[in-house]
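The values are calculated or read from the model by the stated rules, or taken from the named source; none is laboratory data. Computed from a predicted model, the values in this text were never measured in an experiment. For the accessible areas, the whole protein counts, side chains as well, though only heavy atoms, and no ligand, DNA or RNA atoms are used. Shrake-Rupley method; radii C 1.70, N 1.55, O 1.52, S 1.80 Å.
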Amino acid sequence: MSLPKDMNLVFDWDKPKDENEAAAMEDAANYIRAIYRGVDKRTAKDAAVAAYATGDGLHYAETQINSRIDGGWTSTGTRRHYDVSTRSASNGNSVEVAFCVDSSKFYGKEVKTGKVLKSEPSIADFDHFEIIMVKYPTAEHLWQASKVFVETKAKQCQ
């Protein structure tokens, strides 16, 4: 999935041994990439968003993309994802992927002017995500984000 050269999403996490958890984790990363691809392409209807999201996960992605489109901005810089953990449901059909995000070097950029909207580093740069990934019923290795919980100003991620 292609993103602009100035939009760098870094996933500093180790692959778990469990095959389902590894696939769910990879597709959680693809879900985040799909959101920023939608931001770049200026549409929440990008095929990647539909592929990696369903239900509340799709709603979250559309809200994130549309807020940036409505604001007239995109993103630039490096967004780091780290301290990942996974937890499988007993039925094997869902996996919770939890991780921290550091956006201290990831900024808004005005689409019309190209002006980068930098801010002072603060606790507001740190978020903790929990994404519930569900196995897509007709594809062997596709997992979709079905629910997204975000704790902003996450002290545990500083």
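Computed on the Cα atoms alone, the convex hull of the chain gives a volume of 107 cubic angstrom per residue. Compared with the dominant Cα axis of the chain, that is its longest principal axis, helix 19-41 is turned about 30°.
Annotation: amide H-H contacts under 5 Å for A53 (H modelled 1.01 Å from N, sequence separation of 5 or more, or interchain): A145.
Given the C-alpha centroids of the range 6-27 and the range 87-158, what is the distance between them in whole angstrom? That distance is 12 Å.
Which of the aspartates and glutamates could be linked to K118 by a straight reach, that is with a Cα gap under 12 Å, when you skip same-chain ones fewer than 8 residues away? Straight-distance partners of K118: E110. For the residue pairs K109/K147; K5/K155; K5/K41; K45/K155; K115/K155, alpha carbon separations beyond 22 Å are given by K109/K147; K5/K155; K45/K155; K115/K155. With all protein chains in place and a 1.4 Å probe, the accessible surface of the range 7-157 carries 47 percent carbon and sulfur.
The overall shape of the range 105-158 is oblate: from the C-alpha gyration tensor, with semi-axes ordered a ≥ b ≥ c, the ratio a/c is 1.5 or greater and a/b is no larger than b/c.
Close amide H pairs (under 5 Å, H built 1.01 Å from N) link K153 with F126, residues at least 5 positions away or on another chain.
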